[in-house]
Amino acid sequence: TASTVTIGSAITSANSNSPMNGTGNVSAITEGGSTVAAAIRSLNVTMNNNTRAQQAIGNAAPIGIGLGTAEVTGSVEMYFENEGLYNKFRNHTSSSLSFRFTDASNQSVIFTVPALYFTTGTPSGGALDSDVFVTANFAAYKDVNSNAIFQIDSV
């Protein structure tokens, strides 16, 4: 049977901060603790908690949510200006990745993958008169210092 619910009367107004974007608000990108010198064409991060609905006979809705292993993966595509990222892939060198968004009021949000390995990283050039890029896919793992695989800071 359906029941009634009382909805609160207090409404919190939205703040007046402008949305941040990847064109005008990226103030820093670091890899391995150093500012990325090469121009980055794209940066992607994917998070998957691998949760699952727990179904049971006689229940129209799931009876619970099963917890899974958190996975953080992503990719960085940049102009191939040096062999730094390529060598980290070839040598299986651990690294980190961080990118900061800052708004007009100097408020920042920092996204950090504190520990990762590059799973691919081979340079590729399309054809004559085209640019050479390196696309480096990565997989994060739990950092021993921060005890995190992904971190968001608001400053």
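Worth pointing out:
- Linear extension gain, Thr35 paired with Thr93, 0.36 nm per residue minus alpha-carbon span: 19.1 nm
- Kirkwood hydrodynamic radius of segment 88-133, from the reciprocal of the average inverse Cα-Cα distance over all distinct pairs: 13.6 Å.
- Rounded to the nearest 500, the 222 nm mean residue ellipticity of the chain from helices alone is -1000 deg cm²/dmol, with -39,500 (n - 2.57) taken per DSSP H run of at least 4 residues.
- Among Ser75, Ser124, Ser94, the residue with the largest mean-square fluctuation in a Gaussian network model of the chain, with springs joining Cα atoms closer than 10 Å, is Ser124.
- Fully extended contour minus Cα-Cα distance, from Asn106 to Leu128, at 0.36 nm per residue: 3.6 nm
- Set of segment 105-134 residues, backbone N closer than 19 Å to the point 7 Å along the Cα-Cβ line of Asn21: 105-109
- Förster radius 25 Å - calculated FRET efficiency between Val144 and Ser42, Cβ distance, rounded to 0.05: 0.25
- Most mobile listed residue (Thr12, Thr102, Thr119) in the chain, GNM with C-alpha springs under 10 Å: Thr12
- Longest segment of the chain lacking GluC sites (Glu not before Pro) that sit in a DSSP loop with at most 15 other Cβ atoms within 10 Å: 1-80
- Extension reserve of the Ser9-Glu81 stretch, reckoned as 0.36 nm per residue once the Cα distance is removed: 20.2 nm
- Most mobile of Asn59, Asn25, Asn49 in a GNM of the chain (Cα contacts under 10 Å): Asn59
- Calculated P(r) of segment 1-80 - Cα pairs past 19 Å, %: 70 percent
- Dipole moment magnitude, nearest 20 debye, segment 50-155 about Cα centre, only Lys, Arg, Asp, Glu C-beta charged: 480 debye
- Within the shell defined by Cβ-Cβ distances under 14 Å, the residues around Tyr86 carry a net charge of -2, with Lys and Arg each +1 and Asp and Glu each -1.
Read-outs: derived from the displayed coordinates by stated rules, not from any lab. Owing to the predicted nature of the structure, the values given are computational and were not obtained by experimental measurement. Here Cβ is always computed from backbone atoms with ideal geometry, including for glycine, and neighbour counts include all displayed protein chains.
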